[in-house]
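Down below is the structure, laid out as structure tokens.
The values are calculated or read from the model by the stated rules, or taken from the named source; none is laboratory data. Note that the structure is a prediction, hence the values are computed from the model and not measured. Please note: Cβ atoms are built from the backbone with ideal geometry, for glycine as well, and neighbour counts cover all protein chains shown.
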Amino acid sequence: MLGIESFGATGQALTDVGVVLAGAIVLYVVYGAVTSLLGGKIRQTVGGE
Amino acid sequence: MAMELFGIAMVQLVLFVGFGLLIGTLFGFFGMGGSFLVTPALLVLGYDSTTAVGSGLAFVFGTSVIAALRHRDHGQVDYKLGLMFIVGMTAGIEVGKEAVFYLKELGVADLVVSVSYVGLLAVVGLLMFRDARSDEPDDANDEPAIAERLGAFQIPPMISIKGGAEVSLWLTLGIALGIGVLSGFLGVGGGFLLMPAMMYVLGVPAAVAVGTDVFQITASGAFGAFTYAQSGAVDLSIVLPLLTGSAMGARIGAGATALVDEDDITEYFAAMLLAGSAAVGSKNLGNAYDVELLNQLSIVLIFGAALVVTGAIVWASIQSMQDGETVSSPAAAD
């Protein structure tokens with residue numbers, strides 16, 4: 001799909017590591033946004049403030 | 001036909017995201033990477049040892065990338081020391097991986113890796129139990145005897161690092177090589193060994209040790225994942241759901257450190273590691289004697305224990321929030 005697989009096992013391994021890296025960065029950004037948006041609300045709801 | 005999303009069965013997706021959430025919460029709270037429960041869980045679920053170790057290392061890489069992003073602004077990374085660890089650990093990981101594949105050729109890899117995990121989880125669990133039961137207050141300067149003896153070897157050349165300390169190049173490379181072999185053999189990041197080694201043996205200040213640990217695990221995790229992926233032993237349908245759950249869990253766990261005293265939960269955590277050890281042992285006995293009940297027991301033990309301890313952390317956090325209490329504990333290292 002990315003063309004890199006044509007390099008064989010090394011290309012496939014680079015693709016796998018790249019997918020994990022990209023996934024981690026996306027999760028960091030998305031969860032960072034979710035935490036800052038909802039963190040205070042959760043604390044208020046559970047803490048009854 | 002089972003429902004699928006991106007080619008992954010929904011049951012597997014939910015299972016791994018859920019387990020990732022538990023692991024992330026636990027280890028976000030206790031400040032560890034969490035890798036050393038992922039590989040045994042995969043072994044218990046019936047994955048072969050190379051896939052379990054390779055996918056475990058890819059998970060280590062993903063979690064350490066997220067941790068490194070969170071640490072990057074604190075200036076707590078000593079790149080010179082990190083580079084020495086990367087060199088030593090890279091060589092060690094390659095040795096560990098070759099050992100696993102050699103054992104696989106002999107047909108005993110699953111057994112040896114499983115037995116190693118039974119021992120590792122039992123030892124770490126028992127040490128934590130002893131620590132939790134000890135009446136003595138924690139003392140940061142309370143060096144283990146072996147660390148004191150190793151630290152006495154000032155083999156030149158000595159390299160100066162952040163915080164004013166000096167470390168021996170050869171001692172650092174030796175420690176990194178040893179932990180790298182363990183990492184490549186078991187699919188663990190090695191942070192739970194590297195942190196005490198850096199602080200007690202090399203005399204690295206705690207803050208620099210945390211930052212450097214995260215930095216080097218990112219690099220060695222990437223290398224470990226790459227080297228296993230070349231053999232097709234990294235299963236992204238395992239790694240990505242686990243990472244999705246654990247990244248969220250790590251935030252919950254890190255948030256809980258401000259609400260719950262770690263000492264209140266340590267005994268549960270130690271019990272969970274011992275349950276993990278028993279689970280891997282039970283799985284192997286189940287396979288050896290073809291007893292399905294033991295296989296099911298192993299799954300209940302490892303996932304049930306993780307669920308109970310995570311539940312205890314979340315419950316204590318909610319209680320603490322309702323009481324309006326906070327504790328002054330340091331932020332988790334991820």
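Screening the candidates B:212, B:227 for the property of being away from every other protein chain (no Cβ under 13 Å), out of contact with any strand residue (DSSP E or B) (no Cβ under 9 Å at 6 or more places or on another chain) and among the hydroxyl-bearing types (Ser, Thr, Tyr) yields one hit, B:212.
Say whether the condition of being at pLDDT below 80, within 12 Å of the chain's Cα centre (by Cα) and crowded, with 24+ Cβ neighbours inside 10 Å is met by at least one residue in region B:13-27. Yes, region B:13-27 contains at least one residue that is at pLDDT below 80, within 12 Å of the chain's Cα centre (by Cα) and crowded, with 24+ Cβ neighbours inside 10 Å.
Conditions tested, residue by residue: (1) surrounded by 21 or more Cβ atoms within 10 Å (Cβ to Cβ); (2) under 18 Å from residue B:69 (Cβ atoms); (3) modelled with pLDDT under 85.
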| position | (1), (2), (3) |
| --- | --- |
| B:235 | no, no, no |
| B:251 | yes, yes, yes |
| B:263 | no, no, yes |
| B:269 | yes, no, yes |
| B:275 | yes, no, no |
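Scan region B:62-71 and give yes if some residue there is within 14 Å of chain A (Cβ to nearest Cβ) and without any contact (Cβ under 8 Å) to a residue 24 or more places away in the chain, otherwise no. Yes - at least one qualifying residue is present in region B:62-71.
Each row is one residue, and each column tells you yes or no for (1) among the β-branched types (Val, Ile, Thr); (2) within 18 Å of residue B:122 (Cβ to Cβ); (3) not in a helix (DSSP H, G or I).
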residue: B:228; (1), (2), (3): no, no, no
residue: B:242; (1), (2), (3): no, no, no
residue: B:250; (1), (2), (3): no, no, no
residue: B:276; (1), (2), (3): no, yes, no
residue: B:282; (1), (2), (3): no, yes, no
residue: B:293; (1), (2), (3): no, no, no
residue: B:309; (1), (2), (3): yes, yes, no
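Would region B:171-182 turn up any residue that is out of contact with any Lys or Arg (no Cβ under 9 Å at 6 or more places or on another chain) and without any contact (Cβ under 8 Å) to a residue 24 or more places away in the chain? No - not one qualifying residue is present in region B:171-182. For residue B:279, the requirement of being within 20 Å of residue B:15 (Cβ to Cβ) and more than 10 Å from chain A (Cβ to nearest Cβ) is met. Among the residues of region B:230-240, those that are at the interface with chain A (Cβ under 10 Å from one of its Cβ atoms) and either out of contact with any helix residue (DSSP H, G or I) (no Cβ under 8 Å at 6 or more places or on another chain) or in a helix (DSSP H, G or I) (or both) comprise B:236, B:239, B:240. Return the residues of region B:29-42 that are of a type outside the set (S, T, N, Q), in a helix (DSSP H, G or I) and modelled with pLDDT under 85; say none if nothing qualifies. Scanning region B:29-42 gives B:29, B:30, B:36, B:37, B:40. Just one of (1) within 14 Å of another protein chain (Cβ to nearest Cβ); (2) in a helix (DSSP H, G or I); (3) among the hydroxyl-bearing types (Ser, Thr, Tyr); (4) over 26 Å from residue B:70 (Cβ atoms) fails for residue B:218. It is (4). Of the residues screened, residue B:51 is not one that is part of a helix (DSSP H, G or I) and crowded, with 24+ Cβ neighbours inside 10 Å.
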